[in-house]
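Following: one structure in structure tokens, then a few remarks.
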Amino acid sequence: QKEVEQNSGPLSVPEGAIASLNCTYSDRGSQSFFWYRQYSGKSPELIMFIYSNGDKEDGRFTAQLNKASQYVSLLIRDSQPSDSATYLCAVWHYQLIWGAGTKLIIKP
Amino acid sequence: ETGVTQSPTHLIKTRGQQVTLRCSSQSGHNTVSWYQQALGQGPQFIFQYYREEENGRGNFPPRFSGLQFPNYSSELNVNALELDDSALYLCASSPETSGIYNEQFFGPGTRLTVL
């Protein structure tokens, strides 16, 4: 059974601080890794994807991948109240396997 | 560029009925995937269509079926509805069917309630 695990939260972070979201996966054959943001009642919105070990930066967001540890994370710098949402980790190996998401709350 | 659209936005059905949900893919995308998202859970993969053929299926019973049309729009059909089928149904289109780069673009979803 392929699994993707995330802490459900909520994770509460002060405005302007760094939010750190984590995800582990069970399938060593997984090829690419995605972070989606989902606001309540809305569909998931892609933030970024990564498929090589190391860091990938896009604006305030940094994705980190460690395939040996089967671990992927998302850092959000200078957190804003508008970043408050559920963050979903998804892992691709012939199909997308999703975690249940981490609820992030940015406190003004 | 037109995004992914879905219809209807909300639907209420009773147990045992049948339902058809519709999706119009983003322009230029030939692959569509359908997901079921129960409240508080991540999306669960139902199936994927590529050029009108089913190209992968998740752990869903045969009463979940689909179609993709030549214009790449698609349908999800669910027969003999059960209470547990109540969920947000998401359609996502992508320009590739395989490879490690598989960015998917989601529609707004259809909220199905089964009473």
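Looking at B:GLU75, B:GLU54, B:GLU103, which one is touching a strand residue (DSSP E or B) at 6+ places or on another chain (Cβ under 9 Å), within 12 Å of chain A (Cβ to nearest Cβ), open to solvent by 10 Å² or more (accessible area, probe 1.4 Å) and of a type in the set (Asp, Glu)? The unique qualifying residue is B:GLU103. Scanning region B:57-72 for residues that are within 14 Å of another protein chain (Cβ to nearest Cβ) and open to solvent by less than 30 Å² (accessible area, probe 1.4 Å) gives a single hit, B:GLY58.
A quick yes/no check of all residues on (1) out of contact with any Asp or Glu (no Cβ under 8 Å at 6 or more places or on another chain); (2) modelled with pLDDT of 95 or more:
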residue: A:GLU45; (1), (2): yes, no
residue: A:MET48; (1), (2): no, no
residue: A:TYR51; (1), (2): yes, no
residue: A:GLU57; (1), (2): yes, yes
residue: A:ILE76; (1), (2): no, yes
residue: A:PRO81; (1), (2): no, yes
residue: A:SER84; (1), (2): yes, yes
residue: A:CYS89; (1), (2): yes, yes
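In summary, A:GLU5 fulfils each of the numbered conditions (1) more than 14 Å from chain B (Cβ to nearest Cβ); (2) surrounded by fewer than 16 Cβ atoms within 10 Å (Cβ to Cβ); (3) not aliphatic (A, V, I, L, M) with the single exception of condition (1).
On inspection, A:SER12 passes the criterion of being more than 23 Å from B:THR31 (Cα to Cα), more than 10 Å from the chain's Cα centre (by Cα) and open to solvent by 20 Å² or more (accessible area, probe 1.4 Å). Annotation note: of B:SER93, B:SER27, B:SER33, the sole residue that is assigned to a strand (DSSP E or B), more than 10 Å from every other protein chain (Cβ to nearest Cβ) and either in contact with a Pro (Cβ under 8 Å, 6 or more places away or on another chain) or of a type in the set (Ser, Thr, Tyr) (or both) is B:SER93. What are the residues in region A:25-71 that are of a type outside the set (D, E, K, R) and away from every other protein chain (no Cβ under 14 Å), if any? Selection gives A:SER26, A:GLY54, A:GLY59, A:PHE61, A:THR62, A:GLN64, A:ASN66, A:ALA68, A:SER69, A:GLN70, A:TYR71. I'd like to check something: does region B:33-51 contain any residue that is modelled with pLDDT under 90, open to solvent by 30 Å² or more (accessible area, probe 1.4 Å) and under 14 Å from the mean Cα position of the chain (by Cα)? Checked against the condition, which is being modelled with pLDDT under 90, open to solvent by 30 Å² or more (accessible area, probe 1.4 Å) and under 14 Å from the mean Cα position of the chain (by Cα), region B:33-51 yields at least one hit. Annotation: of all residues in region A:72-84 being open to solvent by less than 10 Å² (accessible area, probe 1.4 Å) and closer than 16 Å to A:GLY9 by Cβ, the one that is farthest from the other protein chains (Cβ to nearest Cβ) is A:SER79. Only residues in region A:85-102 that are assigned to a loop (DSSP other than H, G, I, E, B) count as the first member; pair them with residues that are among the basic types (Lys, Arg), Cβ under 9 angstrom, at least 6 apart or cross-chain, and list the lot. Once the first residue is assigned to a loop (DSSP other than H, G, I, E, B) and sits in region A:85-102, its partners that are among the basic types (Lys, Arg) give A:HIS93/A:LYS2; A:GLN95/A:LYS2; A:GLN95/B:ARG57. Based on this model, can you work out whether B:THR5 counts as touching a residue at least 12 places away in the same chain (Cβ under 8 Å) and either open to solvent by less than 70 Å² (accessible area, probe 1.4 Å) or within 24 Å of A:PHE49 (Cβ to Cβ) (or both)? Criteria met by B:THR5.
Taking region A:18-56 as the range and being assigned to a loop (DSSP other than H, G, I, E, B) and either touching a Pro at 6+ places or on another chain (Cβ under 7 Å) or surrounded by 14 or more Cβ atoms within 10 Å (Cβ to Cβ) (or both) as the test, the residues that pass are A:ASP27, A:SER30, A:GLN31, A:LYS42, A:SER43, A:PRO44, A:TYR51.
Scanning region A:93-106 for residues that are surrounded by fewer than 21 Cβ atoms within 10 Å (Cβ to Cβ), hydrophobic (A, V, I, L, M, F, W, C) and at the interface with chain B (Cβ under 7 Å from one of its Cβ atoms) gives a single hit, A:ALA100.
The values are calculated or read from the model by the stated rules, or taken from the named source; none is laboratory data. A quick note: this is a predicted structure, and the numbers were derived from the prediction, not measured. So basically every Cβ, Gly included, is an ideal-geometry build from the backbone, and we count neighbours across all protein chains shown. Side chains are part of the model used for accessible areas, which takes the heavy atoms of the whole protein and leaves out ligands, DNA and RNA. Shrake-Rupley method; radii C 1.70, N 1.55, O 1.52, S 1.80 Å.
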